[in-house]
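Trainee: Here it is, the structure, as structure tokens.
A short reminder: the numbers here are calculations on the coordinates, not readings from a lab. This structure is a prediction, so every number in the text was calculated from the model and none was measured. Virtual Cβ from ideal backbone geometry, glycine too; neighbours counted across all protein chains shown.
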Amino acid sequence: MSAKTPDELREQVRGEVIVEGDADYENARSVHNGMIDKRPAVVVRVMNAGDVMTTVNYARENGHVLSIRGGGHSGPGFGTNDGGVVIDFSRMRGVRIDPNGKTARAEGGATWGDFNAATNAFGLATPGGIISTTGIAGLTLGGGIGYLTRGHGLSLDNLVSADVVTADGKMIVANENENPDLFWAIRGGGGNFGVCTSLEYKLHPVRNVYWGPMFYEVSEAETILRFYRDYIKHAPDEMGAFPAFQIAPPLPFIPEDRHGDMFAAIVACWSGDPAEGERQFKAFHDVAEVKAEMVGPVPYPAINAAFDGLFPPGIRQYWKGNFVKELTDDAIAAHVQHGPAAPNVSSTMHLYPINGACHRVASDASAFGHRDANFSMVIISASTDPAQDDVDTKWVKDYSDAIAPHSEVGGYVNFMDDDDSSRVRANYGSNYDRLVQLKRRFDPGNLFRVNQNIAP
Ligand SMILES: Cc1cc2nc3c(=O)[nH]c(=O)nc-3n(C[C@H](O)[C@H](O)[C@H](O)COP(=O)(O)OP(=O)(O)OC[C@H]3O[C@@H](n4cnc5c(N)ncnc54)[C@H](O)[C@@H]3O)c2cc1C
């Protein structure tokens, strides 16, 4: 019999069921973005696929709003809600490696830190995010852009199978052979189609990389961006590098008298033979004088934690993102005008390259909408001070508006905020209509709607 109340639900699941008034409720209701202040009625810290099926049935049958929380990093805070039910995967973070088959199967709550630590022991990796605390599930199901993307594609290009609990509360396998339509849809469709209890990935031989941020005078920003645009077009696939605007944090590799100054930066990762790294980085040293840098060979998991300190849990964030086909001179002028005005050390613009391996996958091979773009741009404000929210958000909006005429209408779903729901069709481009058809088939009641929603 299905549960009708949280008490009945508690009797039917192995994991914790947390409600308002419970000791851990404040912790259980919160997500990474400190601007999100929502109060769900029930948070279920699931322990297995059975708990997920039971909770999906509970939410659907009782008409509750349902959120899915993997790593909890969604900018708009999709991992929580007001008055509804949350499936919280924080107790399901296991990662199992098959070193012979070069695959990894990870539970739906694993973070990239969990994943990279497990795979690095075998000298293997797959493309993931640049911060270790981001969830593999949300990041992969929306796309997955990181240092290894030019060489090995998006995270979702490396997904080989997933266990999915659908809106009817049943668990099915989705891969190229079983439920291929669902497999197509979850690779880009975010959490719109079901709850992934585990995800299996292809792995590649990557143990150590040559990596590091290089800081240039901000007056060189135009030179750096023009250089980068031409360089990355023909760079070897093993080079993942993105330009950024960055206020210097108080770190030992930056001269003390420059802490707090704004710089133009390039963060580069050479995932080929680390011994070749220095030669591969020569172009970055030749383009302009590097005022501060921290480059060298490092284990791959270390680079995914290198910027964690800039994005601690609870930091208040606002996000905007666009796909970009060409970085035109006009676009560069807009970057040079707005980027240096970033309001604080955790606020930034990153321009991630999505050419290389990403372009060798057909546009309709998965739901990810924009294989024709060369870059995925993100502008983020992040601060611990609520009094700064308006200033920070305005900086992001003004910057995004200035770049919009030089970008695609659509952007990467994982870089959208909650005021971007009107962009969902554009985000998926020509794949949108098929997504709607599949949404009607797998979730006609739109149970999974706390996301960049593909309405049935
Ligand atoms: C600090 C920071 C750094 C980031 N860096 C990168 C980066 O380098 N590259 C990149 O591509 N993106 C990056 N992102 C964006 C990131 O991809 C999205 O925020 C993503 O949604 C995070 O996934 P999550 O599981 O942590 O989030 P959650 O908030 O837990 O989930 C977000 C959404 O994903 C879906 N979801 C989560 N878990 C599941 C599941 N098990 N089954 C089904 N659906 C699920 C749900 O729809 C949910 O609403 C970053 C975000 C932050 C905050």
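Trainee: Name the residue farthest towards the positive end of the dipole of the chain from the options ILE145, LEU182, GLY77, assuming +1 on Cβ of Lys and Arg, -1 on Cβ of Asp and Glu, about the Cα centre.
Mentor: Final value for the positive-end residue is LEU182.
Trainee: State whether the stretch 257-374 is rounded, prolate or oblate according to the following rule on the C-alpha gyration tensor (a ≥ b ≥ c being the square roots of its eigenvalues): a/c under 1.5 gives rounded; otherwise a/b larger than b/c gives prolate, and the remaining case gives oblate.
Mentor: rounded
Trainee: Evaluate the distance, in nm, between pseudo-label points positioned 7 Å from the Cα of ASP398 and of SER421 along their respective Cα→Cβ axes.
Mentor: The modelled label-to-label distance comes out at 2.9 nm.
Trainee: Measure out, as a whole number of angstrom, how far apart the alpha-carbon centroids of the stretch 49-109 and the stretch 292-359 sit.
Mentor: Measuring centre to centre over Cα atoms gives 27 Å.
Trainee: What shape does the stretch 11-88 take by its C-alpha gyration tensor, where a ≥ b ≥ c are the square roots of the eigenvalues and a/c under 1.5 counts as rounded, a/b above b/c as prolate, and the rest as oblate?
Mentor: Details: a/c = 1.58, a/b = 1.48, b/c = 1.07.
Prolate, because a/c is 1.5 or more and a/b exceeds b/c.
Trainee: Calculate how steeply helix 221-234 sits against the longest principal axis of the alpha-carbon atoms of the chain, using the helix alpha-carbon long axis, and give the answer as 0 to 90 degrees to the nearest 10.
Mentor: 70
Trainee: Can you grab the distance from the C-alpha centre of the stretch 195-233 to the C-alpha centre of the stretch 387-456, Å, no decimals?
Mentor: The stretch 195-233 and the stretch 387-456 have Cα centres separated by 24 Å.
Trainee: What is the total of Lys pairs in the chain with C-alpha atoms under 14 Å apart, excluding same-chain pairs fewer than 8 positions apart?
Mentor: Working: LYS102/LYS202; LYS233/LYS325; LYS320/LYS394; LYS320/LYS397.
Close lysine pairs found across the chain: 4.
Trainee: Further question: Assuming R0 = 51 Å, what is the FRET efficiency of THR328 and GLU11, from their Cβ-Cβ distance, to the nearest 0.05? Working shown, then result.
Mentor: Details: r = 61 Å, r/R0 = 1.19.
Efficiency for this residue pair is about 0.25.
Trainee: What are the ³J(HN,Hα) couplings of the stretch 13-26, residue after residue, when phi is run through the Karplus curve with 6.51, -1.76, 1.60 and θ = phi - 60°? Round to Hz, x for glycine and proline.
Mentor: Once θ is set to phi - 60°, the couplings for the stretch 13-26 become 10, 7, x, 7, 10, 10, 10, 3, x, 5, 4, 9, 4, 4 Hz.
Trainee: In the stretch 76-102, whose amide N lies under 18 Å from the spot 7 Å out along Cα-to-Cβ of ALA305? List them in ranges.
Mentor: 93-95
Trainee: If the only charges are +1 at each Lys and Arg Cβ and -1 at each Asp and Glu Cβ, what is the size of the charge dipole of the chain around the Cα centre, to the nearest 20 debye? If you can, show how the numbers build up before the last one.
Mentor: On the way: 40 positive and 57 negative charges, 234 e Å.
With only Lys, Arg, Asp and Glu charged at Cβ, the dipole is about 1120 debye.
Trainee: Is the stretch 208-422 best put as rounded, prolate or oblate by its Cα gyration tensor, with a ≥ b ≥ c the root eigenvalues, rounded for a/c under 1.5, and otherwise prolate when a/b is larger than b/c, oblate when not? List each step's numbers first, then the result.
Mentor: On the way: a/c = 1.44, a/b = 1.06, b/c = 1.37.
It comes out rounded by the Cα gyration axes.
Trainee: From the alpha carbon gyration tensor of the stretch 125-164, can you work out the equivalent ellipsoid semi-axes (sqrt of 5 times each eigenvalue) and give them in Å, largest to smallest?
Mentor: Details: eigenvalues 46, 33, 11 Å².
Computed over the stretch 125-164, the values are 15, 13, 7 Å.
Trainee: Just subtract the alpha-carbon distance of LEU251 and ARG279 from 0.36 nm times their residue separation and send over the number in nm, one decimal. Can you show the working numbers first?
Mentor: Numbers: separation 28, 0.36 × 28 = 10.08 nm, distance 2.55 nm.
That works out to 7.5 nm of additional length.
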